[in-house]
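This report concerns only the one structure given below.
The values are calculated or read from the model by the stated rules, or taken from the named source; none is laboratory data. All values derive from a computational prediction rather than experimental measurement. Every residue, glycine among them, receives a Cβ derived from its backbone with ideal geometry; neighbour counts consider all protein chains shown. Ligands, DNA and RNA are stripped out before the accessible areas are found, and what is left, the full protein with its side chains, is counted by its heavy atoms. Shrake-Rupley method; radii C 1.70, N 1.55, O 1.52, S 1.80 Å.
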Amino acid sequence: MAFRGANASSGMGVADHSKATYLELQRKKVHRYIIFKIDEKKKEVIVEKTGTPAENYEDFTSSLPENDCRYAVYDFDFVTSENCQKSKIFFIAWSPAVSRIRAKMLYATSKDRFRRELKGIHYEIQATDPTEMDLEVLQDRAN
C-alpha cells in the first residue's frame, strides 16, 4: 500500500510564505518570532504576525490570542553556564482552554504535518494556558 503523506488526514496545506518566513527566522535571524494561523477558507497555514529581533518574549506572548488557537515559532537566545551565546528554536502549539472545540480539533489534527514542514525546530511546547509556556519553561528546556 502506497503512503500518501499526512495530506489525506488533515487536508491542511502550508503556504509557501509560511515556509519562507520560517527560513528567514532560522537562517537570517530576521524575526524573533512568527505566529501562524489556519486560514479555513484557503485550507492552509498562513503567517499572522512576525516579531522583530528587538522584541522580547513578553511581546511574543501578548501577541497570542487569549481565546483562539495558534502555532508559533520563537527564536530563544540564551547564555549557557559555560558563557556561550546559544539560540534554540521552539515550536509552540497554543490551544487555550477557552477556545472553540472546532478550533482545537483543527489545530490538533494539522499540527504534526505543519511541524514537519519546519526543519530545524529544537523543542516543542504544547500550551493551554500562559503558565505552560512561561519564559522559565523555555529556559529549563534549552539548558
Inset, instruction - Determine, from the Cβ-Cβ distance of R141 and N83 and an R0 of 25 Å, the FRET efficiency 1/(1 + (r/R0)^6), rounded to the nearest 0.05. - result: 0.80
Legend entry - Size of charge dipole - the chain - debye, nearest 20, with Cβ of Lys, Arg +1 and Asp, Glu -1, no other charges: 840
Legend entry - Accessible area (Å², per residue) of the chain, counting only protein heavy atoms and a probe of 1.4 Å: 58
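Can you tell me, using C-alpha contacts under 8 Å and at least 6 residues apart, the relative contact order of the chain as a whole percent?
Value for the chain: 21 percent.
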Inset, instruction - Quantify, in whole percent, the carbon and sulfur part of the accessible surface of segment 1-120 (1.4 Å probe; protein heavy atoms only). - result: 51
Legend entry - K28 versus E40: modelled label distance in nm, points set 7 Å from Cα along the beta carbon direction: 3.4
Legend entry - Phi to ³J(HN,Hα) by Karplus 6.51 cos²θ - 1.76 cosθ + 1.60 over segment 28-39, Hz, x for Gly, Pro: 10, 6, 6, 10, 7, 8, 9, 10, 10, 9, 8, 8
Inset, instruction - Mind checking the full-extension length gain between S63 and Y123? Use 0.36 nm per residue of separation minus the Cα-Cα distance, one decimal, nm. - result: 19.6 nm
Legend entry - Difference of contour (0.36 nm per residue) and Cα-Cα distance, D134 to A15: 40.0 nm
Legend entry - Largest to smallest accessible area among L106, L138 [probe 1.4 Å]: L106, L138
